[in-house]
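Sharing a structure with you now.
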Amino acid sequence: MWSDSILDTIGNTPLVRLLTLGRDLPCTVLAKVEFFNPGGSVKDRIGLAMIEDAEAKGQLKPGGTIIEGTSGNTGAGLAIAGIAKGYRCIFTTTDKQSPEKVDVLRALGAEVIVCPTNVAPDDPRSYYSVAARLSKEIPNSFYPNQYDHPANADAHYRTTGPELWEQTEGRITHFVAGAGTGGTISGTGRYLKEKNADVQIIGVDPYGSVYAEYWRTGEFKESEIYPYATEGVGEDILAKNMDFSLVDDYVQVDDATTMQMTRRLAREEGLFIGQSCGMAVAGALDWLEAHRSDLTDEDVVVILLPDSGFRYLSKTYNDEWMRRNGFLEAATLTARSVVADRSSDAVIAVGPESTLAQAIEAMTEHGISQVPVLEDGEVVGSLSERGVLDRLLASPDARDHAVRDAMGEPLPVVDGSVRLDELPNRLDGPTGAVLVTTEDGGFQILTRSDLISALARVSS
């Protein structure tokens, strides 16, 4: 049996048990995996819903243009629906979003306008304002405004909520989700509360968003608003779709924890998902651990995972970006990632037949205290500043002697994939250094001071 169009494949996404990350909890922990939607995210549900609502109300006519401000995923959902229904799409987004998200929108035929992130929502340069302005300037256009459009939350009330109820056979006791527009947590939460008022709705928010604090205090505190790296979740406005009365508790997660959990889900659960997914799981696990004494094996917790990891290849899944932003744990940093920051491509080395004078010149020129001795690409020994000094004191003419006569034991060689937390034991020798294999088959030297500097950057 086939589908009449790609739109017929939206929804009915799988519910997957977290076998590793949730195994120590007394309850069942499940993930609603939304990257199975054709556009790769939960936002496919609302893209189609808002377009169909606009068609029914005569707001969107044949050949019309859909204009929306998006962090990427809603745009993809709208674009796919637009392709199937014959509409043009123009999207505004922010320079915070990953390049992959912009590339996806353009691949789907949309025009994309990138706006600055760090401006107020009502600033004419903001992606909200630009989208609203374009919708007034372009004839026969439709501006869904996903933040306030009631079809957003209604889509989840009609689809996501019922799916969770049916997939858990009515056993769901907790629903955990992040919130941006508020449609997912509000629509799903409303349905679940109607089926069972005891179902707990737990919101997860990034630090820098106003939602968690507003839920706690009922006050919109601009002091809570500041830039954060996690994409597609949290807000600096109060979206009309966000129904705080449905939320039973709120937790917050910092960027580093979000990024690390996102990568753990890929490695440990085989779930190649996006940043807001990692945030939701990190928040859920923290909340469940804090409420462990209240949980039983009858509890069924569902965490909504909004999108795919393919939209974060240049960020969360890129070691350089993670390291540059201080998000890598010591356990995920490798020896090669540390030496890769060096300006030189290969280690400074000398041959066994070089003279000590030549070795001293190389060490002085490059400001290094030890060098490996290489012969035909193999490490055959090492020469340290202390060893050279001892040799010169014992024999004034040692400058003309061959390095072979003065070299010590070879520096230990470690593979570049060795994790930083495994290196201290390798650096216990008298030289306090190892040679790290590089991708081109060469070597780079790594010292105790290099390791200390790398660990300091991770913890800062």
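Working out 0.36 nm times the residue gap between residue 400 and residue 268, then minus their Cα-Cα distance, what length gain in nm do you get to one decimal?
Fully extending the segment from residue 400 to residue 268 adds 41.8 nm.
Could you run the Debye sum over the Cα atoms of the range 180-235, one equal point scatterer each and no solvent, and tell me log10 of I(q)/I(0) at q = 0.17, 0.25 Å⁻¹, two decimals?
Log-scaled intensity ratios, in q order: -0.61, -1.01.
Just the Kirkwood number for the range 243-351, please: inverse of mean 1/r across all distinct Cα pairs, in Å, one decimal.
That comes to 16.3 Å for the range 243-351.
What is the antiparallel percent of DSSP beta bridges lying wholly in the chain, to the nearest 5?
Counting only bridges with both partners in the chain, antiparallel ones make up about 35 percent.
Over the chain, what is the mean sequence separation of C-alpha contacts under 8 Å (at least six apart), divided by residue count, expressed as relative contact order in percent?
With pairs under 8 Å counted, the relative contact order is 13 percent.
A follow-up question, please. State, in angstrom, two size descriptors of the range 335-459 derived from its alpha carbons: Rg to one decimal place and Dmax to the nearest whole number.
14.8, 48
Continuing with the same structure: Expressed as an acute angle from 0 to 90° and rounded to the nearest 10, what is the orientation of the C-alpha long axis of helix 356-366 relative to the principal long axis of the chain?
In the chain, helix 356-366 runs at an angle near 30 degrees to the longest axis.
For residue 138, enumerate residues with amide H under 5 Å from its amide H, sequence gap 5+ or separate chain, H modeled in the peptide plane.
none
Something else about it: Please work out whether the range 125-228 counts as rounded, prolate or oblate from its C-alpha gyration tensor, where a ≥ b ≥ c are the square roots of the eigenvalues and a/c under 1.5 means rounded, while otherwise a/b larger than b/c means prolate and anything else oblate? Display every interim value, and only then the final one.
On the way: a/c = 3.14, a/b = 1.39, b/c = 2.26.
In terms of gyration-tensor shape, oblate.
Same structure again: At a Förster distance of 56 Å, what's the computed FRET efficiency of residue 365 paired with residue 106, Cβ-Cβ distance as r, to 0.05? Let's see the in-between values first.
Numbers: r = 50 Å, r/R0 = 0.89.
With R0 = 56 Å, the Cβ-Cβ based efficiency is 0.70.
While we're looking at this one, here's another question. By the gyration tensor of its Cα atoms, with a ≥ b ≥ c the square roots of the eigenvalues, what is the shape of the range 45-142: rounded for a/c under 1.5, prolate for a/b over b/c, or oblate?
Judged from the Cα gyration tensor, the range 45-142 comes out oblate (a/c at least 1.5, b/c at or above a/b).
Run a plain Debye calculation on the range 8-59 (Cα atoms as equal point scatterers, no solvent) and give log10 I(q)/I(0) at q = 0.15 Å⁻¹, rounded to two decimals, same order as the q list.
-0.56
Short version: ³J(HN,Hα) in whole Hz for each residue of the range 404-417, in order, from phi by Karplus 6.51 cos²θ - 1.76 cosθ + 1.60 (θ = phi - 60°), x for Gly and Pro, what are they?
Each residue's phi maps through the Karplus curve to give 3, 6, 10, 6, x, 4, x, 5, x, 9, 10, 5, x, 7 Hz.
Next question. Could you please report the charge total around residue 105, scoring K, R as +1 and D, E as -1 over all other residues with beta-carbon less than 11 angstrom from its beta-carbon?
-1
With angles folded into 0 to 90 degrees, how steeply does helix 448-459 sit against the dominant principal axis of the chain? Use alpha carbons for both and round to 10.
Taking the Cα atoms of the chain, the angle to 448-459 is about 10 degrees.
Of 136/195; 195/221; 61/96; 101/136; 101/240; 61/193, which sit over 31 Å apart, Cα to Cα?
Where the Cα-Cα span goes over 31 Å, the pairs concerned are 136/195; 195/221; 61/96; 61/193.
Hey, another quick one. Apply the Karplus curve 6.51 cos²θ - 1.76 cosθ + 1.60, θ = phi - 60°, to the phi angles in the range 7-15 and return the couplings in whole Hz, x for Gly and Pro.
Listing the rounded values in order: 5, 6, 9, 6, x, 6, 6, x, 10 Hz.
Then there's this: For 277, 27, what's the fewest-to-most ordering of other Cβ within 10 Å of each Cβ?
27, 277
A further question follows. Hey, what angle do you get for helix 73-85 against the long axis of the chain, alpha-carbon based, 0 to 90 degrees rounded to 10?
Once rounded, one gets 50 degrees.
What percentages make up the Cα-Cα pair-distance distribution of the range 171-312 when the bins are 10 Å wide from 0?
12, 43, 36, 9, 0
Right, next: Most exposed first by the Cβ proxy, i.e. fewest other Cβ within 10 Å, how do 240, 101, 57 rank?
57, 240, 101
Can you work out the Karplus-derived ³J(HN,Hα) for every residue in the range 379-391? Use 6.51 cos²θ - 1.76 cosθ + 1.60 with θ = phi - 60°, whole Hz, and x for glycine or proline.
Calculated HN-Hα couplings, in order: 7, 10, x, 8, 10, 10, 4, 5, x, 5, 4, 4, 5 Hz.
The list (i) 21.3, 60; (ii) 28.3, 96; (iii) 35.5, 127 gives values of Rg and Dmax of the Cα atoms in Å, and only one came from this structure; which label was calculated from it?
From the options (i) 21.3, 60; (ii) 28.3, 96; (iii) 35.5, 127, the structure gives (ii).
Moving on. Give me 365, 111 sorted ascending by neighbouring Cβ count inside 10 Å, so fewest comes first.
Placing the least packed residue first, the sequence is 365, 111.
Moving on. Between residue 176 and residues 5 or more places away or on another chain, which pairs have amide H atoms under 5 Å apart, with H built 1.01 Å from N, and which residues are they?
For residue 176, the qualifying residues are 202, 302, 303, 304.
Choose one of 435, 139, 117: the residue whose Cα lies farthest towards the positive end of the charge dipole of the chain (beta-carbon charges +1 Lys, Arg; -1 Asp, Glu; about the Cα centre).
Working it through, the farthest residue towards the positive pole turns out to be 139.
Only the coordinates and a few stated rules stand behind these numbers; no lab work does. The model shown is predicted, which means the values in this text are computed figures rather than measured ones. Glycine gets a Cβ as well: all are built from the backbone with ideal geometry, and neighbour counts include every protein chain shown.
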